[in-house]
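Written below as structure tokens is the structure these notes are about.
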Amino acid sequence: MKYALLGIGQAGLRHYEAFERIKGIKLIGFTEFDQKKAKKFSKKYNVKKYKNLNEIINLKPDFIIIALPHSFRVKEISLCCKNKINLIIEKPLALNINQLKLIEKYISSNKLIHTISFVHRYRKEVLKTKNLISNNYIGGLKFISEIMISQKNALLPKWIDIKKKSGGGVLLYNAIHSIDKLCFLANSNIDYVFAKKTNINKKIDVEDVITISINFKNGLLANLIAVFVPYKTTPKWETKIFGVSGQIDINIRKGLVLIKNNKIKNFDYSEYYKKKWSKL
Ligand SMILES: NC(=O)c1ccc[n+]([C@@H]2O[C@H](COP(=O)([O-])OP(=O)(O)OC[C@H]3O[C@@H](n4cnc5c(N)ncnc54)[C@H](O)[C@@H]3O)[C@@H](O)[C@H]2O)c1
């Protein structure tokens, strides 16, 4: 299979590294606004940079990965779908509801494969949790508490703080993964949401704190707090799942704890992450 990359920033590079591990898949071209970055990548990996998406489409790739800032979705998705090219779209699918309406007909009517890069639901600890829940280890789910705290470090792209380019702050860059994970674990659609946002950093025009209360259609309640702190912090990504007969705590990149019948069982995956996925 041959594929192309739009954008070789942080996410684009991770896609490249991941696909390099799979036999029979070849990167045939990429686009990138930053000429310096493009030249370096092109030389290092011997891949050609193309001027625009039309040139990439002419190469007839089996799929294209969109790893661009959030404001570049409508034209890119529409053009690829019109040309019957499968897509991996970095989250979020759209900048806002209006843009979502513009691409809806393409992503719902075509017989193409589109996937949004909600990668975290596939982590070992999340899949194990899903398996324990499905096998009724903690009974029916009643409540999930999710907390996500991280530092917005200086290496992150600047566009994430500009609403016109990002569409939003911590919600669209980070917490969208938590929402996906909660839906995956809940195995239900969302019925009702109440959310509030605020800013620790007053200099940016997107939120860096959100608190969301989610009611799922199956009766499960969830609470999500996400904070993107502009200073050094104590980072945390923790999920506590309460069922009628037990509890599961997920610690991303570390493992999970199952509490049942007053006994605690640890599933420690830290070695797995050290060995296998050191960069991810
Ligand atoms: N799934 C994840 O865990 C994850 C992690 C980080 C970022 N992301 C997502 O990946 C996407 C990209 O984010 P990022 O952090 O890699 O940003 P980034 O700024 O590091 O990368 C974007 C790249 O696109 C280039 N670019 C901008 N406009 C372009 C255009 N029109 N044509 C070609 N190149 C263009 C920029 O020069 C930059 O190199 C976003 O949707 C972001 O939310 C996902």
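Table for the structure above
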{"quantity": "Cross-link reach list, aspartates and glutamates versus Lys26, counting only Cα pairs under 20 Å and skipping chain neighbours closer than eight places", "calculated": "Glu17, Glu55, Asp62, Glu90"}
{"quantity": "Lysines whose Cα lies under 21 Å from that of Lys274, excluding same-chain neighbours fewer than 8 positions away", "calculated": "Lys124, Lys128, Lys236, Lys254"}
{"quantity": "Of Lys23/Lys181; Lys130/Lys163; Lys2/Lys84; Lys142/Lys263; Lys91/Lys158, pairs whose Cα-Cα distance is over 23 Å", "calculated": "Lys23/Lys181; Lys130/Lys163"}
{"quantity": "Cross-link table Lys36/Lys60; Lys75/Lys101; Lys51/Lys101; Lys60/Lys82, entries beyond 21 Å C-alpha to C-alpha", "calculated": "Lys36/Lys60; Lys51/Lys101"}
{"quantity": "Computed E for Lys111/Lys23 - FRET, C-beta separation, R0 30 angstrom, nearest 0.05", "calculated": "0.65"}
{"quantity": "Extension gain from Lys197 to Lys164, taking 0.36 nm per residue of separation minus the Cα-Cα distance", "calculated": "10.1 nm"}
{"quantity": "Antiparallel DSSP beta bridges within the range 121-278, percent to nearest 5", "calculated": "80"}
{"quantity": "Over the chain, equivalent-ellipsoid semi-axes from the Cα gyration tensor in Å", "calculated": "34, 22, 20"}
{"quantity": "With at most 14 other Cβ atoms within 10 Å, longest stretch of the chain clear of loop chymotrypsin sites (Phe, Trp or Tyr not before Pro) (DSSP)", "calculated": "34-230"}
{"quantity": "Value at 222 nm in deg cm²/dmol, rounded to 500, when DSSP H runs of n ≥ 4 in the chain each add -39,500 (n - 2.57)", "calculated": "-8500 deg cm²/dmol"}
{"quantity": "Inter-centroid distance (Cα atoms) of the range 211-244 relative to the range 184-204, Å", "calculated": "9"}
{"quantity": "DSSP-defined antiparallel bridges as percent of all bridges, the chain, nearest 5", "calculated": "60"}
{"quantity": "Sorted by Cβ neighbour density within 10 Å, fewest at the top, the residues Thr239, Thr198", "calculated": "Thr198, Thr239"}
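A short reminder: the numbers here are calculations on the coordinates, not readings from a lab. Quick caveat: nothing in here was measured; it's all calculated off a predicted structure. We place every Cβ from the backbone using ideal geometry, glycine too, and count neighbours over all the protein chains shown.
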